[in-house]
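Only one structure is covered here, and it is reproduced in the block below.
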Amino acid sequence: MQKRPRSAEIRNRKGMPFATVTAYDVSFCEAIEAAGIDVVLVGDSLGNVILGYDSTVHVTLDDMARHGAAVARAAVRSHVIIDMPFMSYEVSDEEAIRNAGVLVRAGASSVKLEGAAHARRIAAIVAAGIPVVAHIGVVPQTAALHEGFRKQRNRAELLADARVVTEAGAFAVVLEMIEGEVAGEITRDIAIPTIGIGSGPQCDAQILVLNDLLGLTRNPPPFARPYADLRGAATDALRRYADEVRSGRFEREPVVLLPTAEPPRRG
Ligand code: KIV
């Protein structure tokens, strides 16, 4: 039986491109594994795309543990990263370790936390035996308090952040909305894989929010081109079902499965 890749194996993928994606439930985690993707992130984007909040600050440790556990139950051969939510790691090393432990008990293979300013917490959690993914560039949990969701271009600062989280012991780092050339320079500079989102093609790996990728998000960010139109397909299926019930045809004629929509043409 194929096992979940561990953090050390993912660290060794430096220079070998791999795809990762967010997941929040069992059905989509099964589809992700069927597609051959073996690193999933239970992101706190859960708050926006599943729970309907306008920001990730409302997401709780219980939310992450519940959805993380669902994904982990479905993840037979995937490494499951679970996000530490806002205010679950800021207060002290002890609290951060305890909360990371809650996520590991829920099924996390590793945890992710935002910001190079919390490098000390990364070191503390790693010292407690829990692998950590770092996240620099735009950090959504506090972005609204600072510059918002603006492309990050400060080369010296971003390089320093990448080095700090690497030295703290992170085994990979998410680069969110970092100018492409700077992301490329960071990728060449540090020994751990960079996982880009809105940071150009020069990162070691890429991550997309599942609902953006599948065309389920009403207003996806400009860098997230959908590979399907599941919102359209779902609406169409629901409309046909409702029509059949209203017209008395429900269960009187066979269900006709329509072919799935062609992915949008690129280039
Ligand atoms: O929460 C999330 O989905 C994330 C990705 C944007 C990397 O952190």
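The values are calculated or read from the model by the stated rules, or taken from the named source; none is laboratory data. None of the values given here were measured: they were computed from a predicted structure. Neighbour counts run over all protein chains shown; Cβ positions are idealised from the backbone, glycine included. For accessibility, only protein heavy atoms count, side chains too; no ligands or nucleic acids. Shrake-Rupley method; radii C 1.70, N 1.55, O 1.52, S 1.80 Å.
Can you send over the carbon and sulfur percentage of the accessible area for the chain, probe radius 1.4 Å, protein chains only? The value for the chain is 55 percent carbon and sulfur by accessible area.
When the Gaussian network model of the chain links Cα atoms closer than 10 Å, the mean-square fluctuations of Leu113, Leu159, Leu238 top out at Leu238. Since only Phe223, Thr60, Leu145 are under comparison, the one whose Cα sits farthest along the positive direction of the charge dipole of the stretch 7-231, derived from C-beta charges on Lys, Arg, Asp and Glu, is Phe223. Probing with 1.4 Å while keeping every protein chain in the model, the per residue accessible area of the chain equals 52 Å².
Largest GNM mean-square fluctuation among Met16, Met64, Met177, using the chain with Cα springs under 10 Å: Met16.
Dipole of the chain, Cα-centred, from +1 at each Lys and Arg C-beta and -1 at each Asp and Glu C-beta, to the nearest 20 debye?
On the way: 30 positive and 33 negative charges, 107 e Å.
For this selection, approximately 520 debye.
Per-residue ellipticity at 222 nm computed for the chain from its helices equals -11500 deg cm²/dmol, with DSSP H segments shorter than 4 residues left out and the rest contributing -39,500 (n - 2.57). Label-to-label distance for Ala191 and Lys14 is 0.6 nm, based on points extended 7 Å past Cα in the beta-carbon direction.
The aspartates and glutamates whose alpha-carbon is closer than 19 Å to the alpha-carbon of Lys3, local same-chain residues fewer than 8 away aside, are Glu30, Glu33, Asp38.
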